[in-house]
1. Test Leu96 against the stated conditions and say whether it is closer than 19 Å to Ala204 by Cβ and either in contact with a Phe, Trp or Tyr (Cβ under 7 Å, 6 or more places away or on another chain) or not aliphatic (A, V, I, L, M) (or both).
2. Just checking, how many residues over the range 208-230 are in contact (Cβ under 8 Å) with a residue 40 or more places away in the chain and either open to solvent by 100 Å² or more (accessible area, probe 1.4 Å) or not β-branched (Val, Ile, Thr) (or both)?
3. What is the residue count in the range 248-264 for residues that are open to solvent by less than 90 Å² (accessible area, probe 1.4 Å) and either modelled with pLDDT of 55 or more or of a type outside the set (Ser, Thr, Tyr) (or both)?
4. Taking the criterion of being touching a Gly at 6+ places or on another chain (Cβ under 8 Å), under 26 Å from Ser145 (Cβ atoms), in contact (Cβ under 8 Å) with a residue 24 or more places away in the chain and surrounded by fewer than 14 Cβ atoms within 10 Å (Cβ to Cβ), would at least one residue in the range 26-39 satisfy it?
5. Look at Phe42 and say whether it is aromatic (Phe, Trp, Tyr) and without any contact (Cβ under 8 Å) to a residue 60 or more places away in the chain.
6. Could you count how many residues in the range 122-153 are more than 25 Å from Glu232 (Cα to Cα) and without any contact (Cβ under 8 Å) to a residue 24 or more places away in the chain?
7. If Pro14 satisfies all but one of (1) farther than 23 Å from Ser167 by Cβ; (2) open to solvent by less than 50 Å² (accessible area, probe 1.4 Å), what's the number of the condition it fails?
8. Condition first: modelled with pLDDT of 80 or more, assigned to a loop (DSSP other than H, G, I, E, B) and under 25 Å from the mean Cα position of the chain (by Cα). Can you find one or more residues in the range 25-41 that meet it?
Amino acid sequence: MCVTVVQSHTLWIPHPPYSLHAGFSAVPIFTTMMISTFNMIFTACPIVAYAVLEQDLRVSTVLENPETFASSRTATRKGFFWLFVLWMVAGTWHSLPVYFLPWYTLTTPDRNGLAQDLSGTGTAVFIALTFAVTLKLCVRTHAWSWITHLVYWLSVALLLPFVYVISILWPRTDISGVADMTGVGSSLFSSAVFWLTALAGAPAIALLPDMAVMMFRRYLRPGIVTLLQEREVLNAVQIMANKKRTAQGAFSPHTNLQVIQQQRGSDSGAADGPIKVTNSHGSRVNKDGNSLPQINMDVEHGGLEMGPAGGQQQRQRLQQHLPVVAD
């Protein structure tokens, strides 16, 4: 609910400063079609996908840790009120760089004395606002799937072609209720200032406080849900590492035992074959009394101890010392 209210709040905050800049004229900063598509397509679809598919923790993790329900049991109206106030303050901050950065950069004449008009500047603010709202959902999304990727990025990718097509169709088709957008798409998309401010600078500055607060709470004041999320990530990374180790041909404990047994069988008839002798320290020695190197076996991790770059080295060590190791 907070996400829906904040994105609507962010949409209407730029209107007061725009009225001051436009001299209280009747020209709107956003056209009727932009406002309709903002609430129905470009931000509605990502919010619906977030509401349906997002989950803080997996079902198995929640069942194993029932204390995660404590946050909902202990929630109060006062706490919800202050949470809502924080979201409104964040929405107000998001609208400030989204409006002022494109406005002052695009309305400033370039070296040729050209600048964007009200329609072009309003369209740039609308694009920056849509990008900021969608990226805020991306920052808060924890359970990513192919559906969320599709909905999030498709809604953003369709925005630019939508603006370009409207700017082409306006002078050729009678589109009632839409301000004059003739050539707005080609004029904006050919400007490097638009790409740096509306698509990169404004959303990044708008989301910077959100990122700072999230990192502060995650690393300095983590809750039970945050800690369990970190554990899920570590488990997923370990599973991926085990799969990669298996794909690269790492030995398992059963494979190591088979290799050693085969080597023992092939060397059993040799006259100078190794014998099992231990010294007073418990280390293995050969028949000449020289200590044999120890081979580190890590059964828990699936065979030999494999470092970041020591997998091939460990295998070479195994092949080198197998003829002189006997159990």
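The values are calculated or read from the model by the stated rules, or taken from the named source; none is laboratory data. All of these numbers come straight from a predicted model, not from anything done at the bench. Glycine gets a Cβ as well: all are built from the backbone with ideal geometry, and neighbour counts include every protein chain shown. Areas reflect the complete protein model, heavy atoms only, side chains present, ligands, DNA and RNA absent. Shrake-Rupley method; radii C 1.70, N 1.55, O 1.52, S 1.80 Å.
1. On the way: closer than 19 Å to Ala204 by Cβ: yes; either in contact with a Phe, Trp or Tyr (Cβ under 7 Å, 6 or more places away or on another chain) or not aliphatic (A, V, I, L, M) (or both): no.
Criteria not met by Leu96.
2. Going through the range 208-230, the residues in contact (Cβ under 8 Å) with a residue 40 or more places away in the chain turn out to be 209-211, 214, 223-225, 228-229.
Then keep just the ones that are either open to solvent by 100 Å² or more (accessible area, probe 1.4 Å) or not β-branched (Val, Ile, Thr) (or both); that gives 209-211, 214, 223, 228-229.
Counting residues in the range 208-230 that are in contact (Cβ under 8 Å) with a residue 40 or more places away in the chain and either open to solvent by 100 Å² or more (accessible area, probe 1.4 Å) or not β-branched (Val, Ile, Thr) (or both) gives 7.
3. Residues of the range 248-264 that are open to solvent by less than 90 Å² (accessible area, probe 1.4 Å), as a first pass: 249-253, 255-256, 259-260, 263.
With either modelled with pLDDT of 55 or more or of a type outside the set (Ser, Thr, Tyr) (or both) added as a condition, the list becomes 249-251, 253, 256, 259-260, 263.
Here the count works out to 8.
4. No, the range 26-39 has no match at all.
5. Working: aromatic (Phe, Trp, Tyr): yes; without any contact (Cβ under 8 Å) to a residue 60 or more places away in the chain: no.
No.
6. 1
7. Only one criterion is unmet by Pro14, namely (1).
8. No: the range 25-41 contains no residue that is modelled with pLDDT of 80 or more, assigned to a loop (DSSP other than H, G, I, E, B) and under 25 Å from the mean Cα position of the chain (by Cα).
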